[in-house]
Amino acid sequence: MHCGLCLPTCPTYDATKLERNSPRGRIALMRAIADERIEPSTAFAEEMYFCLGCLACMTACPAGVNYAELFEHARAEVEAKNLIQSPRRTLIRGFTLHWLFDDLRRLQWVGKALYWWQASGLQGLLRRSGVMSLFPRRLRELEEMTPLVEPEFTADLVGPVTPARGSRRYRVAMLIGCAQDLTFATVNRDTVEVLAYNGCEVVTPPVQNCCGSLHAHNGEWELAKSLARRNLDQFPPEEFDAIITNAGGCGSHLKHYSHLLAGDARYEARAAVWDRKVKDIHEWLVEIGITAPAPKSAEELVVTYHESCHLCHGQKVSSQPRQLLRLIPGVTLVELPEANWCCGSAGIYNLTQPEMAGQLLERKMTHLRSTRATVVATGNPGCLLQLVTGCRQRGMDLRVVHPITLLAEAYRR
Ligand code: SF4
């Protein structure tokens, strides 16, 4: 179709105005490779990794082009053909995708070590010592972006089974995520509390698997499949009314396991049931209907809402978080300009494409400042981390929080 309606919604095209940095340009490159008119090249590989994978183009597309699948297959092709290889890249991918995120207990060990590095004051000491100035600028930037690890992980805060408050209406499984478990375990606790408060019995196994979105988005298709099978085995979809995630980036991938496992005789049918039962927490709460917090719990808050790309574009969950925020007594919701424009986090994009990610963060922080809100809410750990970094770098006194935390706090009050 090539109508170009996606171009104005594409952050990379908006930044460069180059056709190749646009959805239409990227699809034309994929088409030319599929038709064997051009060979996959390093330039193509770099283009596919310059794309954010934010899926804003999919929301804009009148023809319903499934860019998400094209993008993932294109990256898998880049990796299968070793188009951008270097020993350093192989090492980083090996350590992260093949080792750390393949068994989340390893991630928790590293998380604990990082927590003690921070809590012991050693990190602060290193930063104040000035030693970091001896290191390359990129390493200094990466060190500054190290997320603050929470003292307790989800398993320390939430039991394996949390009973429903009052009569049980539903039995749901709670996915704790990987970055979410280390840096926002209290968000998982709040999510379980809110679910129980609204009649859900919540099953939260302490040790879980990564959802695999990081792997699928970075061309590790076979690893993504193996993680999907493990999740289906750990959470048999037929045993739950819903499988809950509170991380927008994970949810978008989790809802497409039947595509990932297409042709897998043992798992394909169950994956289809799974896809129907995976719900983002905001989507599920609006679907089941919740008890509004009592008016007396009111606390005057001016809140604005940043849309995680994979929640609004990947899962079409956009009005529900706003509906829930408006239910909280005392909350005044101020609309954020370009609320559904990427904040530059995009999985690990802010590590691999720091310049473009930095431009997007600056754009987002300027809009946040214009709302005069005291709180910004967003439903994805990557965005939470990115906005926390943005506030710290600019000295902005803005609370960054998951919408479900505001709801849990209201219930507690
Ligand atoms: S996913 Fe985002 S960055 Fe990539 S082409 Fe689509 S709109 Fe542009």
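Note on region 77-127: Rg/Rh from Cα positions, Kirkwood definition for Rh, rounded to two decimals, is 1.18.
Remark: for residue pairs Lys316/Lys364; Lys225/Lys277; Lys225/Lys255; Lys81/Lys225; Lys81/Lys255, the C-alpha separation exceeds 23 Å in Lys81/Lys255. From the alpha carbon centroid of region 392-413 to that of region 285-361 is 11 Å.
When the chain is treated as a GNM with alpha-carbon contacts under 10 Å, the residue of Val334, Val401, Val303 showing the greatest mean-square fluctuation is Val334. Expressed as a fraction of 2.2 N^0.38 Å, the value expected for a compact globular protein of N residues, the C-alpha radius of gyration of region 88-291 is 1.14.
Carbon and sulfur together cover what percent of the accessible area of region 7-80 at a 1.4 Å probe radius? The C+S portion of the solvent-accessible surface of region 7-80 is 56 percent. Of the Cα atoms belonging to the chain, the radius of gyration and Dmax stand at 21.1, 67 Å. Using θ = phi - 60° and the Karplus form 6.51 cos²θ - 1.76 cosθ + 1.60, what ³J(HN,Hα) does each residue of region 340-348 get, whole Hz, x for Gly and Pro? For region 340-348, the Karplus curve yields 9, 8, 4, 8, x, 6, 6, x, 10 Hz. Within the chain, Cys3, Cys10, Cys51, Cys61, Cys178, Cys200, Cys210, Cys312, Cys343, Cys383, Cys391 have no other Cys Cβ under 4.7 Å of their Cβ and so lack a disulfide-compatible partner by this rule.
Let me check I've understood the local charge: for Leu7, count other residues with C-beta under 13 angstrom from its C-beta, Lys and Arg +1, Asp and Glu -1. What total comes out?
+2
Positive contributions from Lys and Arg (+1) and negative ones from Asp and Glu (-1), summed over other residues with Cβ under 12 Å from the Cβ of Ala56, come out at -3. Taking the Cα centre of the chain as origin and assigning +1 to Lys and Arg Cβ atoms and -1 to Asp and Glu Cβ atoms, the resulting dipole is close to 640 debye. In summary, region 331-413 shows an alpha-carbon radius of gyration equal to 1.10 times the 2.2 N^0.38 Å reference for compact globular proteins.
As an exercise, use a Förster radius of 22 Å and the Cβ-Cβ distance of Asp397 and Arg326 to find the FRET efficiency, rounded to the nearest 0.05. Result of the calculation: an efficiency of 0.35. When Rg and the Kirkwood radius Rh are both evaluated on Cα atoms of region 253-362, their ratio Rg/Rh stands at 1.08. Taken over the C-alpha atoms, region 7-80 has Rg and Dmax values of 11.6, 32 angstrom.
Each residue of region 246-254 was assigned a 3J(HN,Hα) from its phi angle through the Karplus curve 6.51 cos²θ - 1.76 cosθ + 1.60 (θ = phi - 60°); the sequence is 10, 10, x, x, 5, x, 4, 6, 4 Hz, with glycine and proline shown as x.
Rolling a 1.4 angstrom probe over region 157-281 with all protein chains present gives an accessible area of which 53% lies on carbon and sulfur atoms. For Leu301, the residues whose modelled amide H falls within less than 5 Å of its own, excluding neighbours fewer than 5 places apart on the same chain, are Val331, Thr332.
The packing ranking of peptides 241-248, 354-361, 117-124, highest mean first, is 241-248, 354-361, 117-124, where packing means the average number of other beta carbon atoms within 10 angstrom of each residue. Extension gain for the segment Ile348 to Glu69, taken as residue separation times 0.36 nm less the Cα-Cα distance, is 98.6 nm to one decimal.
Rolling a 1.4 angstrom probe over the protein heavy atoms with all chains in place gives the chain an accessible area of 44 Å² per residue. Residues whose amide H falls under 5 Å from that of Arg399, counting only those 5 or more places apart or on a different chain, are Val375, Val376, with hydrogens built in the peptide plane.
Of Arg75, Arg140, Arg270, the residue with the greatest mean-square motion in the GNM of the chain, using alpha carbon springs below 10 Å, is Arg140. How far is it, in nm, from the label point at Leu134 to the one at Ile92 when both lie 7 Å from their Cα along the line to the Cβ? If labels sit at Leu134 and Ile92, their model points lie 2.3 nm apart.
Cα centroid separation, region 62-107 to region 125-176: 23 Å. Nearest 5 is fine: what % of DSSP beta bridges in the chain come out antiparallel, could you say? Antiparallel bridges make up about 10 percent of those DSSP assigns within the chain. Remark: region 58-67, residue by residue, has Karplus-estimated 3J(HN,Hα) of 5, 5, 7, 6, x, 8, x, 5, 8, 4 Hz, where x stands for each Gly or Pro and the curve is 6.51 cos²θ - 1.76 cosθ + 1.60 at θ = phi - 60°.
The values are calculated or read from the model by the stated rules, or taken from the named source; none is laboratory data. Since the model is a prediction, treat every value here as computed from it, not as a measurement. Ideal geometry is used to build each Cβ from the backbone, glycine not excepted, and the neighbour counts take in all protein chains shown. SASA here: full protein model, heavy atoms, side chains in, ligands and nucleic acids out. Shrake-Rupley method; radii C 1.70, N 1.55, O 1.52, S 1.80 Å.
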